[in-house]
Amino acid sequence: MLKPSGSHLKKNAERNLAMGIMCLTVFFVLFITSIEGIPLHIDAGRYETARGIALGLLIASCYYFLLLQYPNYRKGLIGERKVTKALSATLTGDYSLFDDVMLQSMKSGNIDHIVVGPTGIFVIETKNFKGKISYHGDNWEGVGRKSPSRQARINAMRVRKILTSSDQKSRPFWVQGIVVLADPKAKVTEKKPPEHVKVFRLNELADYIRSQPKRFEAWEIGQIEAEIKNKIQPN
């Protein structure tokens, strides 16, 4: 049931890790050569101040790449894999799952998952955060800076747009945006549900997808899958 899988999160995690290691290496070299009294010391003369500024910038860069960016992308990648594993184990073969999708119309970011099956099209935004999470409409706390529900709604509209603009139209496309909270330890408080977006724990996701009324026949699902494949950016 798995369809072409992207590598957006994996590439970003690897890129930030590589940048962090590179900055750390350069910092180490500059720092060692700045210590007086050792054989590797290099007298920078009037450029000593510049070397000190460079050391500060490199420390800040290491913190950004290794302690902020890389863990966030890594956490997101783990969350997406949890969703993939759960859906692959519970949905039947008449459903298809696209992972880590970057459409040709997208300049940045990705769509975590797209599920296509007889009960509809589901565009899923995955968050893998621990601790306290609360939301009031599109206003979220505890999941980073961006609103997951707003992102899920935007991505659902993107998928609907590429399908309704295709040459092969069957009927109005029903596309549901979903936010999935993948970490079971998260303590979630709902103050007001987001508009046109569902929010679920991971163990609730497959049941919701399967419980929806039948919307597509097998031949329609094939057309939808083909159109999505055609609009995915190559890795």
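The values are calculated or read from the model by the stated rules, or taken from the named source; none is laboratory data. In this text the structure is predicted, and so the values were computed from the model without any measurement. In this analysis, Cβ positions are derived from the backbone assuming ideal geometry, glycine residues included, and neighbour counts consider all displayed protein chains.
Miscellaneous remarks
- Members of region 19-67 that are surrounded by 14 or more Cβ atoms within 10 Å (Cβ to Cβ), more than 25 Å from the chain's Cα centre (by Cα), small (Gly, Ala, Ser) and part of a helix (DSSP H, G or I): 34, 54
- Selected residue (criterion: modelled with the lowest pLDDT) from residues of region 106-144 that are more than 17 Å from the chain's Cα centre (by Cα) and of a type in the set (Gly, Ala, Ser): 131
Rundown of residues vs (1) in contact with a Phe, Trp or Tyr (Cβ under 9 Å, 6 or more places away or on another chain); (2) farther than 23 Å from residue 233 by Cα, yes/no style:
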{"position": "55", "(1), (2)": "yes, yes"}
{"position": "60", "(1), (2)": "no, yes"}
{"position": "79", "(1), (2)": "yes, no"}
{"position": "100", "(1), (2)": "no, no"}
{"position": "122", "(1), (2)": "yes, no"}
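- Within region 68-90, considering residues that are surrounded by fewer than 19 Cβ atoms within 10 Å (Cβ to Cβ), at pLDDT 90 or above and more than 13 Å from the chain's Cα centre (by Cα), the one farthest from residue 178 (Cα to Cα): 89
- Any hit, region 216-232, residues being within 22 Å of residue 73 (Cα to Cα), out of contact with any His (no Cβ under 9 Å at 6 or more places or on another chain) and at pLDDT below 95: yes
- On inspection, residue 186 does not qualify as modelled with pLDDT under 95, among the small types (Gly, Ala, Ser) and within 27 Å of residue 94 (Cβ to Cβ).
- Matching entry among 102, 106 (being crowded, with 18+ Cβ neighbours inside 10 Å and touching a residue at least 24 places away in the same chain (Cβ under 8 Å)): 102
- Filtered by the rule that a residue be hydrophobic (A, V, I, L, M, F, W, C), touching a residue at least 40 places away in the same chain (Cβ under 8 Å) and buried (at least 21 other Cβ atoms within 10 Å of the Cβ), region 130-155 gives a lone residue, 152.
- Extreme residue, modelled with the lowest pLDDT, among residues of region 3-18 that are in contact with a helix residue (DSSP H, G or I) (Cβ under 7 Å, 6 or more places away or on another chain) and in a helix (DSSP H, G or I): 9
- Per-region count, region 22-55, residues in contact with a helix residue (DSSP H, G or I) (Cβ under 8 Å, 6 or more places away or on another chain) and among the β-branched types (Val, Ile, Thr): 3
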